[in-house]
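J.: Got a structure for you, written out below as structure tokens; questions coming shortly.
The values are calculated or read from the model by the stated rules, or taken from the named source; none is laboratory data. Remember, it's a predicted structure, so these values are computed and weren't measured experimentally. When we count neighbours, we look across all protein chains shown, and the Cβ atoms used for this are built from the backbone with ideal geometry, even at glycine. Heavy atoms of the whole protein, side chains included, go into the accessibility calculation; ligands, DNA and RNA do not. Shrake-Rupley method; radii C 1.70, N 1.55, O 1.52, S 1.80 Å.
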Amino acid sequence: MLRIKPVLFTLLLAGIALSAAAQTDANAIDKYFQQYVNDNRFSVVYISPKLFQMFGKLDVGVLDMDNDTEAQAVMDMIKDLRGLRILTTDENVAEFYKEAKAKINTKEYETLMTVREKDGNQVEFLVREADNKIAELLLLAGGPGADEFVLMSFVGLLDLNKISRLAKEMEK
Amino acid sequence: MSPESFKHQILPLKDRMYRLALRITGNPAEAEDALQEVWIKLWKQGDQLLQIQNLEAWCVRVTKNHCIDKVRNKKPEVREWTEAVEAVSWDQSPERKAEQQDTLRLVRDAIGRLPEKLQLVMHLRDIEGLSYHEIEEALEMPMAQVKVNLFRARQQVRAQLLNTGLQ
Amino acid sequence: MNNPFIRELLDKYFRGETTLEEEKTLREFFSRDVADPDLKPYQELFSFFQIEQLQQPSEGLEERFFEQLSKRETSEPKRPEAILRTLRPWLVRAAMVAFLLIGSWWIYTRNEMNPATETAAIDWSKYEPETPEEALRITKEALGKASRHLNKGTSMAMEEMNLMGEMGKVLH
């Protein structure tokens, strides 16, 4: 088992790389976390490109934000997004986090930042680039001490500056 | 995690967790339900719970997140405060008591009208007596933000109290 | 004007500068009868805080919790669950191998296959929110979360850099 594993793994990667290339909205969850999606301990949310297209027609009042600049900042970012997938669970948080970290292919996904908090909560940001632009942002949160395991995949052309500005808007 | 350690580590925090749940949900029955759900959630964490450094701030945080989710999912149009305070013994004459109920409602309304962030900071500081650092941990809010929000909360409540003309 | 000390503390309180000890002093002062009419509104405020501190859940909440817990545990038989848990790493490995074999077979046969017979691994559509409004709200929350963590990470990194700068000064 141990001996054949590297071979199998390479094959797996090759398979994934090929199948990923074939898909337009490739995302890490489809690639690495299939079994989580069907595991009923996880809550799963998917926002399709179609839904994203519909957001433009909605009234920003739905957002229930303190002010319009904030709502604008959100709408601004949303127009660049094409898909959002969220997996969360409050069971086995530390284990799932470890497992998930180990699964992600570091060749394709580059770690942008790891935030380790005092209480053991960890958040990791990974990005996948295409043509020098961020094509997918992956947020992985959990670790010992966290109350929730969260895996979020944002697919679309992303501007990190815009995302970072959002929190500032919200905190105002 | 054994029921014993749960009893010793988590249950002593029940009043604090309950009051926060009550502040957010605005309804004693719902706050108790929320507390039960949070306990189940914590129970499921098993021994991982024992590794947490600041268990108290952490429990407050889980309670906050759970209740906010609960309230948001329900999306109530009007948040109704039931008169739980009546159950608290208050050593005064009946007239004074009635008057007190009225003014307490005014204060509660004034606090209830604050944006959620301000309400939570004020609750944790002025009712629960937590330090800035503990609030920072519990609300995942930078300390500078905690201070600014507390300042705003107090200012807004004062303005409202002086406006409503409590004499 | 009576009670100059309390008035000064009140000012400090509303500036957000009081210590926990001073706030306790204020609550204690206002728990007695206050003669000054202009201090009355503040008395209501501080009595409110004090009364709220007395709120408690109804009795027997813990008992109900443990009852519920034992019901959960009897309704979900623990034994098979435990066995499943120890087996899980193997299951995962076995699933991976199976996935691999199927994957490599798929790559081999892909060229001859009709594209129409390709099926998506995950049916994401069942995880979509029911209304676009709900979807927008979820997206906003997700972006907010990502944004907050992103900023926390950057500010922590900035602190590190400052610290390193300080250390550099000492060393030179």
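J.: To the nearest 100 Å², how much accessible surface do chains C and B hide from each other in total, with a 1.4 Å probe?
T.: Heavy-atom accessible area buried at this interface is about 4200 Å².
J.: On to the next question. Going from most exposed to least, what order do B:131, C:47 have by accessible area with a 1.4 Å probe?
T.: Sorted descending by solvent-accessible area, the residues read B:131, C:47.
J.: Got a number for the accessible area of residue C:125? Probe 1.4 Å, square angstrom, nearest 10.
T.: Surface open to solvent at residue C:125 totals about 70 Å².
J.: May I ask for the distance between the Cα centers of the stretch A:43-59 and the stretch C:1-39, given as a whole number of Å?
T.: Cα centroid of the stretch A:43-59 versus Cα centroid of the stretch C:1-39: 52 Å apart.
J.: Rounded to the nearest 20 debye, what is the charge dipole size of the stretch B:1-80 about its Cα centre when +1 sits on each Lys and Arg Cβ and -1 on each Asp and Glu Cβ?
T.: Dipole magnitude for the stretch B:1-80 comes out near 260 debye.
J.: Shifting gears a bit: When only Cα pairs under 8 Å and 6 or more residues apart are kept, what is the percent relative contact order across the stretch A:46-172?
T.: 28 percent
J.: Quick one: of A:79/A:103; A:101/C:140; A:168/C:145, which pairs are farther than 18 Å apart, Cα to Cα?
T.: Where the Cα-Cα span goes over 18 Å, the pairs concerned are A:79/A:103; A:101/C:140.
J.: Only Lys, Arg, Asp and Glu count, each charged at its Cβ (+1, +1, -1, -1), so figure out the dipole size of the stretch C:1-44 about its Cα centre, rounded to 20 debye.
T.: It comes to approximately 40 debye.
J.: Same structure again: What does the net charge come to around residue A:119 if you take all other residues with beta carbon closer than 14 Å to its beta carbon, with K and R at +1 and D and E at -1?
T.: -4
J.: Tell me the accessible surface of residue C:65 in square angstrom (1.4 angstrom probe, heavy atoms of protein chains only), to the nearest ten.
T.: Solvent-accessible area, nearest 10 Å²: 0 Å².
J.: Moving to a separate point now. Relative contact order of the stretch B:94-167: what whole-number percent is it, with Cα pairs under 8 angstrom and at least 6 residues apart?
T.: 36 percent
J.: Let me ask something else. Among residues other than residue B:41 whose Cβ falls under 10 Å from its Cβ, what is the net charge (Lys/Arg +1, Asp/Glu -1)?
T.: So the surrounding residues net to -4.
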